[in-house]
Structures are given as C-alpha cells and as structure tokens.
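Undergrad: Supplied in structure tokens, the structure appears directly below.
The values are calculated or read from the model by the stated rules, or taken from the named source; none is laboratory data. Note that the structure is a prediction, hence the values are computed from the model and not measured. No Cβ is skipped: glycine too gets one built from the backbone with ideal geometry, and neighbour counts run over all protein chains shown.
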Amino acid sequence: MILTTILSDSVAKASEDLVIPLKLIHALPVEGPENNQPSGLTIWHDTLFAVSDKHDDTIFRVALTDTNAVFVPHLTFAIPESAPGLRLDFEGIACDAEGAFYLVSETAFRILRVSADGADASWITPSLRSYGEQEGLFQTRGAYLEGIALLGPDLFLVCAERQPRGLIEVDRSVEPFAVRVFNTDETSLNLPAGRSADFSDLFRENGDLLVLQRNAEIISSLIYGGPVLEEKDLWSFGHIVNREDLRYSNIKYGLAEGFCMDAKRIYLILDNNGDCRASDPDDRRPLFLIMERP
C-alpha cells in the first residue's frame, strides 16, 4: 500500500519560502484540574479538545475566555480491562467525522477509541512497541508514542517522540492490520543546546499533514509515500515561547505538547510540568497560545 499526502496550495507556497514566524494573538494561562499536564490537542466542529497525561479517564473541552483557557471535563470513560493498574499517559488525541475520539497511550503503545458519548472505550490496536523497536524506535525511556492523526477510515498515523523520532502508520482496513514504520532521526535542524529532534503532535486538515516539533520550536508539513518521507518547515514559534514574560524558568519545561488549527488560528498548548514562569515564581499554570495562521 502506498499513501501520498498532497499539500494544498496555501501550505505548499509557505513551504517554498523561508520559515514564517507566527504572530501571537493571545497567551492564556490554563485553568483546570490539579496536576494538569496538557498533552494532545485537537479541534472538532469549532470546539477544542485536549487530554492530560495525568488524567487517564477524562477528555477535556478547552473553553476560551478573554483571560484564560479552562479545561472543562467533557467525557469521563472507563479504562479498558486489558490495562488494570497501568497509568496510560495519553499523549495525543484525534477525532473522526462522527465525533468519536482516538487517544494514543505512551506507556501502552496502543490506540484507544472512545465513543462520542463516552459510553464505550476500547483498544483498537495491540501494542505497537515491537513494530517500532524493529526499526530502532523506542530506545529512550519516556520518549515513546506522542501525537496521532486520523488519515482515513481505519487509517492512523502516530509518532515516536525522540532519540530516535519516527512515524508509525496503522491500517486497520485490511486483515490482518498493516503497519509501516519510518525511523526519521537524521535531521539538519538547528536545535537549542541540550535538545534533540522530536515529534510532539500531529494534525491533519483537508489532506495536509502537519507535525509539531517542540524542541526545534517549529511546525512542519509531512509528505510521504512508499519508503519516502519529506519534511518541509513552515512556521516557527520560538520567539513567542522564549519571550521573557512567557518562558518558564527551566528550559526543559514549558514546551509545546499539543497542536491544532482552524481556518484563521493556530493553537498550541504548553506543558510546564509544574514549573513556574521566569517572570512570576508564583504562577505555575500551563499556557495556551493562539496565533494568526499565515
């Protein structure tokens, strides 16, 4: 099977030019549950949804106000019996046309489907760990599966975070299901000291496939088909997250974990792991960034 992603005219034009610095509209502190550590982010019917890697049984709606972004519990679901006692650490979220959610678990290496009403939550893949390990992925503890994108009915793409980073395509439309793995660790990115190339989240829109690279502080497009995978850097946001009034005190934290967009806006959510902002030692809230879409 060969899958090719074709860029729309707007994305293709941007990829031919220099990387475009994004323009910040709002930087909103995140209010929500205790120990809120945001991870995946998606948008469906103009509503933002997110998961937290410390709240396994909840999908949150992100309610935006003039002063903050509020994590409101949207669905609470029962953890499947196949994973008793395991902290699932959900790191990515996607939604299909009917409103069902798909979550990727970093620790279980699996995709969970949650029905639109939350009544049913079930694993739709076995562990993908062995597939990734065969291609050299999952070598670094705590750097396993991150984002997820729904490419078509029963066709998914998930990303391996870093050291090495990679992509895993899962096709459930065939029997037995098919898996393709891309180890994409080689990169020419100019990374800040102490950071490695990574994939943090995926988002698909009208045939365009985009990836968040938090350590490089860029958003890129992905084009792949057969054994070929090509990255084109589109937009940068390092000038925003490193602003004195926004950056966190520890360079390891306050990195972008979740990414999605609509026709006019790009949305990023930062996970600060409880760290305080450099300009305010009393403020340990995550940040939700809203930027103009080029």
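Undergrad: Is it the case that some residue within the range 68-88 is acidic (Asp, Glu) and modelled with pLDDT of 95 or more?
TA: At the first step, the residues of the range 68-88 found to be acidic (Asp, Glu) are 81.
Filter once more, so that each one left must be modelled with pLDDT of 95 or more: none.
No, there is no match, as no residue in the range 68-88 is acidic (Asp, Glu) and modelled with pLDDT of 95 or more.
Undergrad: Which condition from (1) surrounded by 20 or more Cβ atoms within 10 Å (Cβ to Cβ); (2) under 17 Å from Leu167 (Cα atoms); (3) modelled with pLDDT of 90 or more is the one that Phe237 breaks?
TA: Checking Phe237 against (1) surrounded by 20 or more Cβ atoms within 10 Å (Cβ to Cβ); (2) under 17 Å from Leu167 (Cα atoms); (3) modelled with pLDDT of 90 or more, the one that fails is (2).
Undergrad: State whether one or more residues within the range 77-86 are surrounded by 18 or more Cβ atoms within 10 Å (Cβ to Cβ), of a type outside the set (Ser, Thr, Tyr) and farther than 23 Å from Ser200 by Cβ.
TA: Within the range 77-86 (the criterion being surrounded by 18 or more Cβ atoms within 10 Å (Cβ to Cβ), of a type outside the set (Ser, Thr, Tyr) and farther than 23 Å from Ser200 by Cβ), the answer is yes, since at least one residue qualifies.
Undergrad: Any residue in the range 201-223 that is part of a loop (DSSP other than H, G, I, E, B) sitting within a Cβ distance under 8 Å of a residue that is among the basic types (Lys, Arg)? List the pairs, counting only those 6 or more apart or interchain.
TA: That search, which allows pairs on different chains as well, returns Asn215/Arg162; Asn215/Arg195; Ala216/Arg195.
Undergrad: Of (1) surrounded by 14 or more Cβ atoms within 10 Å (Cβ to Cβ); (2) of a type outside the set (Lys, Arg); (3) in contact with a Ser or Thr (Cβ under 7 Å, 6 or more places away or on another chain); (4) free of Cβ contacts under 8 Å to residues at least 60 places away in the same chain, Pro153 satisfies all except one. Which?
TA: It is condition (1) that Pro153 fails.
Undergrad: If you go through the range 87-144 one residue at a time, how many are of a type outside the set (Phe, Trp, Tyr), part of a strand (DSSP E or B) and closer than 27 Å to Ser196 by Cβ?
TA: Residues flagged as of a type outside the set (Phe, Trp, Tyr), part of a strand (DSSP E or B) and closer than 27 Å to Ser196 by Cβ within the range 87-144 amount to 9.
Undergrad: In addition: Which residue is farthest from Ser105 (Cα to Cα), if the candidates are limited to the range 186-200 and must be in contact (Cβ under 8 Å) with a residue 24 or more places away in the chain, surrounded by 16 or more Cβ atoms within 10 Å (Cβ to Cβ) and of a type outside the set (A, V, I, L, M, F, W, C)?
TA: Out of the qualifying residues, it is Ser196.
Quick grid of which residues meet (1) modelled with pLDDT of 95 or more; (2) polar (S, T, N, Q); (3) farther than 16 Å from Gly147 by Cα:
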| position | (1), (2), (3) |
| --- | --- |
| Leu28 | yes, no, yes |
| Glu31 | no, no, yes |
| Ser39 | no, yes, no |
| Asp53 | no, no, no |
| Ile59 | yes, no, no |
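Undergrad: Could you check, for the range 156-170, whether at least one of its residues is without any contact (Cβ under 8 Å) to a residue 24 or more places away in the chain, out of contact with any Ser or Thr (no Cβ under 6 Å at 6 or more places or on another chain) and among the charged types (D, E, K, R)?
TA: no
Undergrad: Next up: Residues that are touching a residue at least 12 places away in the same chain (Cβ under 8 Å), farther than 30 Å from Ile168 by Cβ, assigned to a loop (DSSP other than H, G, I, E, B) and aliphatic (A, V, I, L, M): does the range 242-249 have at least one?
TA: yes
Undergrad: Only one of (1) polar (S, T, N, Q); (2) in contact with a Phe, Trp or Tyr (Cβ under 9 Å, 6 or more places away or on another chain); (3) surrounded by 16 or more Cβ atoms within 10 Å (Cβ to Cβ) fails for Ser127. Which number is that?
TA: (3)
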